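Single-structure report; data block below.
Just so it is clear, none of the values below were taken in a lab; they were calculated from the coordinates. Just so you know, these numbers come straight off a predicted model, no measurement behind them. Neighbour counts run over all protein chains shown; Cβ positions are idealised from the backbone, glycine included.
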Amino acid sequence: MRKSRGRDDASSSETVEALYRIREVDGQDEDIADTLADLHRLTFFGGAPIPAFDAGCWWLAYRNAIPVAFAGIVPSTLVRNAGYICRVGVLKQHRGRRLQLRLMRALASRARRNGWTWLVSDTTQNVASANNFIRSGYRLHQPQYPWAYSDTLYWRKFIGPVTSLHGTYPKRL
Ligand SMILES: CC(C)(COP(=O)(O)OP(=O)(O)OC[C@H]1O[C@@H](n2cnc3c(N)ncnc32)[C@H](O)[C@@H]1OP(=O)(O)O)[C@@H](O)C(=O)NCCC(=O)NCCS
């Protein structure tokens, strides 16, 4: 009984995953920038300024070729060699499908290719988003110069390259 439920859960999460496609997009393209701005308006409702989409790297999540979620990273201006996850937004009717998590995976692999060693971000009174940072392996930290509100949580994750395949210490097997 338990075994078959496990299989069903796995196949249903694979089905949900297959329904959405995530693509890195060119924020300098006018149509893409318009799409990102529309999604921004529909997810942040004026709660955050619309960023310059021609800077940084951007992703869209599509359902049946319709964009339903977006995310972006820019080089951090405060943390050396780091990317700052500046926006993630999912349209209300597509929430609860772990799209934030998938978008964050996509941008982490781009950040590694950019040669960045850290990803940083922040959340303010946003349990759903904070939980996704925890799921993605981010840790809370206190920046030397906090840049947001008194109740903002600051997140970071080391994504830098492993320096040696063999490690510096002998392994105890
Ligand atoms: C934060 C946000 C990006 C998360 O989107 P998401 O990828 O759909 O998140 P998840 O799939 O992890 O779902 C979040 C939670 O809502 C629950 N949920 C399920 N169905 C839902 C629905 N229809 N609507 C809202 N939440 C739903 C999920 O079960 C999950 O709870 P859990 O963590 O206890 O399991 C999204 O809520 C959003 O766009 N918010 C507005 C913009 C914003 O705040 N961005 C982040 C700024 S830091």
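Brief remarks on what is shown
- Label-to-label distance, LYS92 versus ILE134, with points set 7 angstrom from Cα along the beta-carbon direction: 2.6 nm.
- Most mobile listed residue (ASP38, ASP151, ASP29) in the chain, GNM with C-alpha springs under 10 Å: ASP151
- Summed residue charge, Cβ within 10 Å of THR43's Cβ, Lys/Arg positive, Asp/Glu negative: +3
- Cβ-Cβ FRET estimate between ASP38 and GLN142, R0 fixed at 25 Å, reported to 0.05: 0.10
- The Cβ shell under 14 Å around ASN114 holds other residues with a net charge of +3, Lys and Arg each +1, Asp and Glu each -1.
- Cβ crowding within 10 Å averaged over residues, with 125-137, 51-63 ranked highest first: 51-63, 125-137
- Spin-label model distance (nm) - ILE66 vs ASP54, 7 Å beyond Cα toward Cβ: 3.1
- Label sites at VAL74 and GLN28, each approximated as a point 7 angstrom past Cα along Cα to Cβ, lie 1.7 nm apart.
- The range 59-152 shape via C-alpha gyration tensor axes, a/c threshold 1.5: oblate
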